[in-house]
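Just so it is clear, none of the values below were taken in a lab; they were calculated from the coordinates. Given the structure is predicted, the values throughout are model-derived calculations rather than measurements. Every residue, glycine as well, gets a Cβ built from its backbone with ideal geometry; the counts of neighbours run over all protein chains shown.
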Amino acid sequence: MNKKKSLYWQVPLLVFLIVGTFFIARQNRNERLAAQQQNTFNIYVFVDQFKNGPYQRDEGQVFGTFYHVTYQAKSSLKSSIDEALEQVNGEFSMFNEHSTVAAINRGEDPLRSSMFEEVYRLAQQVTADTDGAFDITVAPLVNAWGFGFKNEQMPTPEQVDSLLKIRNQMDFSAIAKGYGCDMVARALEEHGVTNYMIEIGGEVVTRGHNPQMQQWNIGVSKPSDDAQGSAELQAILTVSDAAMATSGNYRNFYYKGGRKYAHTIDPRTGYPVQHELLSATVLAPRCAVADAYATAFMVLGLDSARVVLQRHPEMQAYLIYSDAAGHLTEWHSPSLQFTTP
């Protein structure tokens with residue numbers, strides 16, 4: 001009888017010890033595998049950096065904003081980066097009185113470089129493709145509405161009609177930052193750099209992988225009326241070997257007469273746009289293209305932007321808009337990779 005009682009507690013104890021031993025062995029195996037994987041990763045990183053160099057980080061100011069460049073190279077290439085940006089600045093800056101566009105806007109006839117002609121042709125192509133929603137001659141209207149160099153003043157309908165006829169002033173600000181990213185990318189690749197991320201005022205170009213040996217991930221801000229800008233992200237997009245640009249109406253606006261006026265002017269009507277689209281993020285092979293189409297989409301609105309995208313399988317978009325109930329809603333290209341924070 002005593003032997004049977006003894007077995008009653010010995011058997012469960014034996015089972016417990018066997019099961020416990022199994023779990024401990026599996027835990028140790030998982031830890032060994034994790035350690036092996038970490039060691040393999042560390043070796044891969046070491047070999048990669050030995051071959052291509054460490055990641056460099058450069059930053060500075062250009063086009064009235066800041067740039068940040070992260071790239072893998074054995075030494076700093078900041079001088080090449082700044083040289084590329086100075087070339088773009090010398091052609092398209094509205095704040096540089098010696099730039100080509102500034103001279104043209106003064107009525108002069110400067111020599112137009114191949115760079116200037118390249119960007120000008122691209123601008124004209126986007127204008128035609130978007131039925132005039134993108135227009136580099138919109139500067140007088142922008143200034144009249146108070147979002148350029150002038151103070152906030154409401155133009156009269158007569159002034160708007162008159163300014164619609166003026167097409168002799170050019171403003172490349174909606175394409176120059178993107179083109180600047182493209183030029184920096186070109187400069188880095190001429191030095192053999194294959195892993196980099198370039199950002200100028202929110203416009204981005206990436207190639208290869210980041211310092212963690214992963215694809216580059218870029219955040220899209222959640223629209224907010226806060227003039228200082230919200231740090232909250234709406235989405236995190238995977239931008240791999242591609243360019244990305246975002247345009248939005250939600251930070252640049254003002255109220256007058258109880259009405260909210262967005263900073264995006266429709267070049268076709270001469271008035272600020274009034275529709276539900278709050279932010280347009282475009283991914284394209286070139287950042288100048290993404291930059292221009294993001295601006296055009298903010299003029300076109302949600303439905304018309306989607307129509308344009310159907311003609312361009314090489315582009316993707318992440319569009320944030322306000323639905324009928326006033327809630328933030330998003331539409332994205334089916335092939336776009338992203339996560340929600």
Relative contact order (%) - criterion: Cα under 8 Å, at least six apart; region: the stretch 55-339: 16
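Determine the relative contact order of the stretch 123-215: mean sequence separation of Cα pairs under 8 Å and six or more apart, normalised by residue count, in whole percent.
Numbers: 88 pairs, mean separation 17.3, N = 93.
Across the stretch 123-215, relative contact order equals 19 percent.
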Amide proton proximity set for A317, modelled H, under 5 Å, gap of 5+: L283, S333
Computed Rg/Rh of the stretch 55-339, alpha carbon atoms with Kirkwood Rh: 0.96
Potential lengthening between H312 and S113 on full extension [0.36 nm per residue; Cα-Cα distance subtracted]: 68.8 nm
Protection proxy ranking, peptides 324-333, 213-222, 297-306, average beta carbon neighbours within 10 Å, highest first: 297-306, 213-222, 324-333
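Mind counting lysine pairs for me in the stretch 55-339? Cα separation below 23 Å, and the two need to be 8 or more apart along the chain or on different chains. Write down the numbers at each step before the final one.
On the way: K78/K177; K150/K165; K150/K177; K150/K256; K150/K260; K177/K222; K222/K260.
For the stretch 55-339, the number of qualifying lysine pairs is 7.
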Ordering of 62-68, 168-174 by burial proxy (mean other Cβ atoms within 10 Å per residue, highest first): 168-174, 62-68
Volume per residue of the C-alpha convex hull in the stretch 67-118, rounded to whole Å³: 95
